[in-house]
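Read through the structure below, which is laid out as structure tokens, and then see the notes.
Throughout, read-outs are computed from the coordinates displayed, never taken from laboratory work. Quantities reported herein were computed from a predicted structural model and do not represent experimental measurements. Here the Cβ positions follow ideal geometry from the backbone for every residue, glycine too, while neighbour counts run over all protein chains shown.
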Ligand SMILES: C[S@@+](CC[C@H](N)C(=O)[O-])C[C@H]1O[C@@H](n2cnc3c(N)ncnc32)[C@H](O)[C@@H]1O
């Protein structure tokens, strides 16, 4: 049986999943993440979930092809609505916009359990997601970046600790990222360029842009 080799974004998401955890992959689409994690032996089982029947069917076929139907269950679910708290330990929400990820988390009361490990990979508006997380009592335990298909992405490992705090534009942009490796520097430069463009129409952003430049200098 050919093993699925994850790259880039999904590979970093897989790295943040805890060994031996029961995983829910929200918005699974092809199901590659739970398949690779079960094949590698890192996790025993998973729920592969999607709100749309067509991607879920493609996940189901891929899971069956790899002989993993007894370990990975497919489930039609809008966000976490059809999943019970005691079914999973780790939750991956990858490949969606930051606003949608925040909405999915906000719609689920049981994610406010410090034992749950949330792995979030926003395709856009990571700043909106980070602001929402901080203002709603979640903390970022670890954050990294990857270069994948000619774009930079960030992945974060998040958990609820009940400490709500305000989050300004600078913090919402950088989260826990530090300019220590090529991908993080690339991602932070992408944020800086976006902020610089916004600064043209909104001069109040100047201090944020300067702070970001300092961080990257
Ligand atoms: C671009 S794909 C990402 C697939 C995979 N997670 C990845 O990162 O490569 C986004 C998937 O999220 C699903 N999706 C969108 N909104 C959702 C929601 N509210 N709940 C569950 N799945 C959702 C879509 O149907 C689609 O299959």
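Below is a table of values for the structure above.
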{"read-out": "Matching residues, segment 92-117, being touching a helix residue (DSSP H, G or I) at 6+ places or on another chain (Cβ under 7 Å) and within 14 Å of the ligand (Cβ to nearest atom)", "value": "92, 93, 94, 98, 99, 101, 102, 105, 111"}
{"read-out": "So residue 62, is it within 19 Å of residue 30 (Cα to Cα) and near the ligand (Cβ under 9 Å from one of its atoms)", "value": "no"}
{"read-out": "In segment 123-149, residue surrounded by the most Cβ atoms within 10 Å (Cβ to Cβ) [restricted to those that are in a loop (DSSP other than H, G, I, E, B) and within 16 Å of the ligand (Cβ to nearest atom)]", "value": "125"}
